[in-house]
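Input: a single structure, listed below in structure tokens.
No value in this document is a laboratory result; all are computed from the given coordinates. Here the structure is a predicted model, which means the values were calculated and not measured. In this analysis, Cβ positions are derived from the backbone assuming ideal geometry, glycine residues included, and neighbour counts consider all displayed protein chains.
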């Protein structure tokens with residue numbers, strides 16, 4: 001169980017960081033400096049991490065016996081820039 005929890009925490013952290021990099025660095029480079037390359041790279045990485053996060057959330061739902069409400073909150077938090085950090089603090093064991 002500890003290994004699975006650590007894997008989800010790593011994916012969660014990377015997903016949140018990739019989203020912040022996409023919003024705060026890559027998008028401004030694309031729209032203000034006409035350099036779209038970083039959006040393609042970071043966007044692809046973020047997309048893969050997003051899918052892994054959602055799969056991991058379901059994995060935690062089964063392993064931690066979460067309610068459907070907590071699963072829904074966890075998945076909803078994946079679309080918020082700092083949402084995965086909230087999930088780590090509120091719903092994952094220390």
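What number of residues in segment 43-90 are outside any helix (DSSP H, G or I) and either surrounded by 18 or more Cβ atoms within 10 Å (Cβ to Cβ) or within 10 Å of the chain's Cα centre (by Cα) (or both)? The number of residues fulfilling the criteria is 5.
Every listed requirement among (1) touching a helix residue (DSSP H, G or I) at 6+ places or on another chain (Cβ under 6 Å); (2) loosely packed, with under 13 Cβ neighbours inside 10 Å is met by residue 22 save one, (2).
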